[in-house]
1. In this structure, is I241 part of a strand (DSSP E or B), of a type outside the set (F, W, Y) and under 30 Å from T178 (Cβ atoms)?
2. Any chance the stretch 265-279 includes a residue that's of a type outside the set (S, T, Y) and more than 21 Å from Y76 (Cα to Cα)?
3. Taking H170 and the conditions (1) part of a loop (DSSP other than H, G, I, E, B); (2) more than 30 Å from H49 (Cα to Cα), which numbered condition does it fall short on, given that it satisfies the others?
4. Just one of the numbered conditions (1) more than 18 Å from E202 (Cα to Cα); (2) in contact (Cβ under 8 Å) with a residue 40 or more places away in the chain; (3) touching a helix residue (DSSP H, G or I) at 6+ places or on another chain (Cβ under 9 Å); (4) not hydrophobic (A, V, I, L, M, F, W, C) is not true of T116; which one?
5. What tally of residues in the stretch 258-301 results from selecting those that are surrounded by fewer than 14 Cβ atoms within 10 Å (Cβ to Cβ), of a type outside the set (A, V, I, L, M) and outside any strand (DSSP E or B)?
6. With the requirement that a residue be surrounded by 15 or more Cβ atoms within 10 Å (Cβ to Cβ) and among the charged types (D, E, K, R), what does the stretch 156-194 give you?
7. Say whether the condition of being surrounded by 12 or more Cβ atoms within 10 Å (Cβ to Cβ), under 19 Å from the mean Cα position of the chain (by Cα), within 16 Å of P274 (Cα to Cα) and at pLDDT 95 or above is met by at least one residue in the stretch 40-57.
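The values are calculated or read from the model by the stated rules, or taken from the named source; none is laboratory data. Note that the structure is a prediction, hence the values are computed from the model and not measured. Here Cβ is always computed from backbone atoms with ideal geometry, including for glycine, and neighbour counts include all displayed protein chains.
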Amino acid sequence: MAFYDRRKMWFGTLDRMQWIDTPLSGADGSPEGWSADGTNLNGGGFALHSWGSHKNYVYEWRESSSRKAAQLMKSYRDGSFGRGLLYFVEPTTYDTNLLPARWAAPSMACSDEGATMVYGLEPDAVAVSGGAANELPVKAAYYDLVNTDDGYRGDQDTVFIPIPEGYTLHLGAFHAVTGSGKMYATPVLSTGALDTPVVLTEVAVAATSVVPDTFSGIKGVRLWLGKSAVGAASVTVTAMIARLYPTALTPPTSFTSGPWIGGQGHSGCRFLGPPTYITNRGIDGGQISYAASFKEVGSWS
């Protein structure tokens, strides 16, 4: 893979991930959330919406695609390469923030307004001081873990971030802990097995180096927060960043520094119906155009 080669996209399930052609320009990756609006009896207006949202993707591929490429997408839809969630990383997010929105800005879960990072535990919103330099959210999520089990609680309390071949994942977590509270990244090995959890660096809100933790040569990582021992503990997390850079190259300061940007990735998707398959020409063994739609469901499944 060439540096930030936008002609290819890392795509697949936990069982099989690979490089595929990127969709055509104009691909739709819009978020969707609940909303309602109207007019009161006194003539005033109102508008309400959820703070949380999920991503919807509508991708189309070029008319000269091969039959093999089109059938590969159908085979993923058929479950031939695993029936778990689908993950893909858009090349345009490599140097911004490829996390899902609610992991990039954890305060979205406060006041039961979004999916929590710890099942059954609603975080409290606390003010953030000094975060303007890195353009951080003005609120952080405070998790009181005193009544939470210590150790890894299962995949349902995590988000999986894939690492494309030849790339290094650079992670940063603006957070603070008390007691045995910690932010973790658990490496997922090529076999799918989980390796020993890695404790993430506590990045200060005004830090100049914002992605100090790196991972490479593995399938990906599972991010989660918890504690390492029984008893009182807490984690206050303001924001998180995940970026990708070629392993063979040294990232510049502009890559490792702020400011923070909101999450532009997703937590795992499912197909919305089967992909299309349109035969355009018979030359070169057949030229096909195909399209597929996906909905983000990982954080709620």
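1. Numbers: part of a strand (DSSP E or B): yes; of a type outside the set (F, W, Y): yes; under 30 Å from T178 (Cβ atoms): yes.
Taking the combined requirement at face value, the residue satisfies it.
2. We begin by selecting, within the stretch 265-279, every residue of a type outside the set (S, T, Y); these are 265-266, 268-275, 278.
Okay, now just the ones that are also more than 21 Å from Y76 (Cα to Cα), so none.
Scanning the stretch 265-279 turns up no residue that is of a type outside the set (S, T, Y) and more than 21 Å from Y76 (Cα to Cα).
3. Of the numbered conditions (1) part of a loop (DSSP other than H, G, I, E, B); (2) more than 30 Å from H49 (Cα to Cα), the odd one out for H170 is (1).
4. With respect to (1) more than 18 Å from E202 (Cα to Cα); (2) in contact (Cβ under 8 Å) with a residue 40 or more places away in the chain; (3) touching a helix residue (DSSP H, G or I) at 6+ places or on another chain (Cβ under 9 Å); (4) not hydrophobic (A, V, I, L, M, F, W, C), T116 is out only on (2).
5. 8
6. Of everything in the stretch 156-194, those that are surrounded by 15 or more Cβ atoms within 10 Å (Cβ to Cβ) and among the charged types (D, E, K, R) turn out to be D157, K182.
7. yes
Yes/no per residue for (1) over 19 Å from S107 (Cβ atoms); (2) touching a Leu at 6+ places or on another chain (Cβ under 6 Å); (3) β-branched (V, I, T); (4) modelled with pLDDT of 95 or more:
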| site | (1), (2), (3), (4) |
| --- | --- |
| Y184 | yes, no, no, yes |
| P187 | yes, no, no, yes |
| V199 | yes, no, yes, yes |
| E202 | no, no, no, yes |
| W224 | no, no, no, yes |
| A233 | yes, yes, no, yes |
| T236 | no, no, yes, yes |
| R243 | yes, no, no, yes |
